[in-house]
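For reference, the structure is listed below as structure tokens.
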Amino acid sequence: MYYNKLLAHMVIGEFSCNLERYRQLPMSEHRLIERIRQHVLRNIVQDISIEDLSKVCRLSRKSIYNLCRRELGMTPLSYIRCLKLDSVYSELKQDDRVRNVTEVALKYGFTNLGRFSAQYKEYIGELPSQTFRKGVF
């Protein structure tokens, strides 16, 4: 239990640091990251590729990759996955119409349910079924 809390604090601390860096970006790069974020959120239930982001930002795939690594500390696909996991979390927690976790995972493009559950637990800090039960009661 101690190690879980320690790991959660480390992840949250790292994420907070990245958010602080995001706030301090030069406006041009801030706009590009925001454009990526908005595109992902508008298309959150679709499969989104680096090519899609390249078209939206009018940058090469390599430039998109480098921008995300430099400014967010993660790859573009990791960033997309984080935004999708945030959306899954919100839906499991707040949407009374959700019948089960599988339905939500598949909606957001997570087809390997075992991997989804592991990624969700690593990012959110609890299993998706735990979030779902909290939202139901």
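The values are calculated or read from the model by the stated rules, or taken from the named source; none is laboratory data. Keep in mind the model is a prediction, meaning the values are calculated, not measured. Note: ideal-geometry Cβ built from the backbone for every residue, glycine included; neighbour counts use all protein chains shown.
Take Leu106 and tell me if it is part of a helix (DSSP H, G or I), surrounded by fewer than 20 Cβ atoms within 10 Å (Cβ to Cβ) and among the hydrophobic types (A, V, I, L, M, F, W, C).
On the way: part of a helix (DSSP H, G or I): yes; surrounded by fewer than 20 Cβ atoms within 10 Å (Cβ to Cβ): yes; among the hydrophobic types (A, V, I, L, M, F, W, C): yes.
Spelling it out, Leu106 is indeed part of a helix (DSSP H, G or I), surrounded by fewer than 20 Cβ atoms within 10 Å (Cβ to Cβ) and among the hydrophobic types (A, V, I, L, M, F, W, C).
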Screening Leu53, Leu92 for residues that are in contact (Cβ under 8 Å) with a residue 40 or more places away in the chain and either among the hydroxyl-bearing types (Ser, Thr, Tyr) or touching a Pro at 6+ places or on another chain (Cβ under 7 Å) (or both) leaves only Leu92
Practice problem: Scan region 125-133 and give yes if some residue there is part of a helix (DSSP H, G or I), among the hydrophobic types (A, V, I, L, M, F, W, C), farther than 22 Å from Asn43 by Cα and in contact (Cβ under 8 Å) with a residue 40 or more places away in the chain, otherwise no. | Solution: yes
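Right, Asn4: more than 13 Å from Glu71 (Cα to Cα), modelled with pLDDT under 95 and in a helix (DSSP H, G or I) or not? I'd like the intermediate steps shown before the answer.
Details: more than 13 Å from Glu71 (Cα to Cα): yes; modelled with pLDDT under 95: yes; in a helix (DSSP H, G or I): yes.
So Asn4 fits the description; yes.
Results for (1) among the polar types (S, T, N, Q); (2) in contact with a Leu (Cβ under 6 Å, 6 or more places away or on another chain), shown as yes or no for each residue.
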| site | (1), (2) |
| --- | --- |
| Gln38 | yes, no |
| Ile48 | no, no |
| Ile64 | no, yes |
| Leu72 | no, no |
| Ser78 | yes, no |
| Cys82 | no, no |
Taking region 20-46 and keeping only residues that are at pLDDT 95 or above and outside any helix (DSSP H, G or I), one is left with Asn43, Ile44, Val45, Gln46
Of (1) farther than 29 Å from Leu106 by Cα; (2) modelled with pLDDT of 50 or more, Gly13 satisfies every one except (2)
